[in-house]
1. For A:G80, all conditions in the list (1) in a helix (DSSP H, G or I); (2) surrounded by 24 or more Cβ atoms within 10 Å (Cβ to Cβ); (3) modelled with pLDDT of 95 or more hold save one; what is the number of the exception?
2. Of the numbered conditions (1) in contact with a Leu (Cβ under 8 Å, 6 or more places away or on another chain); (2) within 22 Å of B:Q59 (Cβ to Cβ), B:M200 satisfies every one except a single condition; which is it?
3. Check the range A:291-302 and report whether any residue there is in contact with a strand residue (DSSP E or B) (Cβ under 7 Å, 6 or more places away or on another chain), modelled with pLDDT of 70 or more, assigned to a helix (DSSP H, G or I) and closer than 30 Å to A:A241 by Cβ.
4. Just for the range A:35-76: of the residues that are farther than 13 Å from A:L4 by Cβ, of a type in the set (S, T, Y) and surrounded by 17 or more Cβ atoms within 10 Å (Cβ to Cβ), which one is farthest from the chain's Cα centre (by Cα)?
5. Go through the residues of the range A:1-18 one by one and say whether even a single one is at the interface with another protein chain (Cβ under 9 Å from one of its Cβ atoms) and either among the aliphatic types (A, V, I, L, M) or surrounded by fewer than 19 Cβ atoms within 10 Å (Cβ to Cβ) (or both).
6. Please return the ranges of helices (runs of 4 or more DSSP H) entirely within the range B:110-225 where 3 or more residues are surrounded by 14 or more Cβ atoms within 10 Å (Cβ to Cβ) and of a type in the set (F, W, Y).
7. Only one of these conditions is not met by A:H66: (1) modelled with pLDDT of 95 or more; (2) in contact with a strand residue (DSSP E or B) (Cβ under 9 Å, 6 or more places away or on another chain). Which number is it?
8. Is there a residue in the range A:91-107 that is facing chain B (nearest Cβ under 8 Å), over 22 Å from A:R142 (Cα atoms) and either not small (G, A, S) or not in a strand (DSSP E or B) (or both)?
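The values are calculated or read from the model by the stated rules, or taken from the named source; none is laboratory data. The structure displayed is predicted, hence computed values, not measured ones. All Cβ positions, glycine included, derive from the backbone under ideal geometry; neighbour counts span all protein chains shown.
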Amino acid sequence: MLALKLRQLAKTYKNGIKALKGIDLEVESGDFFALLGPNGAGKTTAIGIVTSLVTKTSGVVEVFGHDIDRELEIAKSCIGVVPQEVNFNQFETVLTIVVNEAGFYGIARHVAKQRAEVYLKQLQLWDRRHSTARSLSGGMKRRLMIARALMHQPELLILDEPTAGVDIEVRRSMWEFLRMINGEGTTIILTTHYLEEAENLCRNVAIIDGGRIIERDSMANVLRKLQTEVFVLNLRDARTAVPRLEGFSASLADDHTLEVELSRGQSLNQVFAQLSAQGIEIDSMRNKVNRLEELFVRLVDSRGRGGAGEAVA
Amino acid sequence: MSAAPAGRARARWIGFQTILIREFGRIVRIWGQTLLPPAVTSTLYFVIFGSLIGRRVGQVGGHDYMQFIAPGLIMMTVIQNSYGNVVSSFFGAKFGKHLEELLVAPLPNWLIVLGYALGGVLRGFMVGTVVTIVSLFFTRLGLLHPVLIVSAAFLTSFVFALGGFVNAMLAKNFDQISWFPTFILTPLTYLGGVFYSIQMLPGWALDASHANPILYMVSAFRYGFLGTADVGVRLAFAIMVSAAVGMFSLAVVLMNRGVGIRD
C-alpha cells in the first residue's frame, strides 16, 4: 500500500515563484524515505501541501489512499509532522503541548497523558515535562516536536530537517529513535541537509531540485551510481612526501593524513597492499566527503548542463 | 482507515474541548494581563464616574447614576475582553507559528473558529463576573431577567470574539491588531450608551446612535438588570443574533480561504 502518492503536484506562489512543477512521487507504507534537495528546491512546499499548511495549485495528493481534496480530515489524521522551525507555544509546558496536540487529534485526555509519559520518556524529556518550552535547549525542542508529532500515533511521520542545529550526540539518539518507530511500522519521510543522515536512515530517496524530482531510487542504487569516493587514512608515522600509489590519486592533507581517491571497481585492499609494501602503517580510516552530497552535486550539475528546466528563484 | 461518523464526531468534540482548555489555560496563566486589569479599571470607573461625578449627575432613566452605568461598564469590559482575548491569542498563535498545530490537525475550520470564539466568550464571562463583583461594592444590582442578561452577554461576547478572530486573520503585524480596538471599538463602546442614556442626546446624535450596534447590546444587557432600555429588546436581540451569524460566517469563509494563514 502507498503511504503517500503525489500526482502532477504543482505550486505557484502569489509572487509568481513556481515552487513545484508537477511532481510525481510514491512512498510505500513502512518505508523510511528521504526527500533531498537544496534550499528552495521545493521540499518544504511539498511537505506543506501534504500537511495542508500550503494550498496546492494543482495535482493530487493521497495519504494512505485518502485524497486530501475529498477526505482531508482522514488524511490529516494519518500524518504526524515535525516542521523545520519550532512551532509550539514557547510559554506552555512540555506536557501541556503534547497533551493538547493529542486532543486536537481527538485523543481523550487520560489516554493522551499515558502516551505523553511514554514518548517523553523515550525522548528523554519526561524530567522536563513541567518546564516551559522556551526553557528547553535546541535539541530538546527538536525532540519535543517529535514527541508531539507521535502523540496520535500517525501511520506516516514527516520530518522536515529534524536534526538541524542539534549536536552529534542528540542527532545519533534521534536516529536510533526514528529507526525504532520505523521498525514498529511507521512510515517516515525525512528531509534533511545532513545527507549522511539520509544515507544512514533511509531505504529510498528522491532528489528534488528546481521544483522537479530529478532522481527517485533506492538508496543502495543511488549510492552505486557514484563514480569515486575519497578515503582519509590516518598514518601512524609522519610523512613529508606522498607515498607512491600505482593507479590511485593520493595527496597529503597534513603529515599524518593521507587522502586517497578510489574509482568504481578499485579495491581498498590494493591501497593497503601498496602502503604496507612501503612500510606505512594505517591507524584509522574514514570517508572524506559525504557520498550522497557528491551524487547530489553530480545530478544537479548534469541537469544544469542539459538545461532541463528553469531554476527556482 | 476511515473514521466512522460517530468516531469523527467524538474526535471533533475532544478537539473542540482542547481548544477551550488551552484558551482557559492561557487566560489563567496570564491572569495579570487578563483578569486583574479589568478589576482595577472598573474600580476606577466606579470611584470616579460613579461616586465622585455620579452624585452630581443625579438619576438617569429613573436609576442612580452608579446603578445605571454598572451594566454598561460590565458590558464594556465583556466586549473589550472577548475581542482582546481572541485577537491576541489567535494572532499570537499565527505569529509564533503554533497555529500550525491546529491547521495540520483533523479539525474542520468551523470548529477552530468556534473554539477560539468561545474562548473569547469564556474570558468575557470571567472578566464580566469580576467586574460584576466589583460593582456590588459600589451599588446594588437586581437580576430582573437573568436569562436575558446571560443571553445578551453571550451574544455580545461571541460577536466581538469573532471580530477579534477576523482582525487577527487579516492582521500582518502587531500594529494592525490594535487599530480596530483603538479607532473603532473603543469609540463605538463609549458612544454606545455605557455612560449615558441616548435620550439625553440632541436629535441628530440620538438618530446617529441607532447606527451603533453596541447601543443595542448595552441596552439589552441593562434591561436585564434594571428593566429599562434605550431601544427595544427584541430588536436588540435580532441585531445581536444577526451579527453573530454574520461574523461567524465571515470568519469561517476567511479560514476556508486560508487568508493570512496559508500560502
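1. Going through (1) in a helix (DSSP H, G or I); (2) surrounded by 24 or more Cβ atoms within 10 Å (Cβ to Cβ); (3) modelled with pLDDT of 95 or more one by one, A:G80 breaks only (1).
2. (1)
3. No, every residue in the range A:291-302 fails to be in contact with a strand residue (DSSP E or B) (Cβ under 7 Å, 6 or more places away or on another chain), modelled with pLDDT of 70 or more, assigned to a helix (DSSP H, G or I) and closer than 30 Å to A:A241 by Cβ.
4. A:S52
5. Scanning the range A:1-18 turns up at least one residue that is at the interface with another protein chain (Cβ under 9 Å from one of its Cβ atoms) and either among the aliphatic types (A, V, I, L, M) or surrounded by fewer than 19 Cβ atoms within 10 Å (Cβ to Cβ) (or both).
6. B:146-170
7. (2)
8. yes
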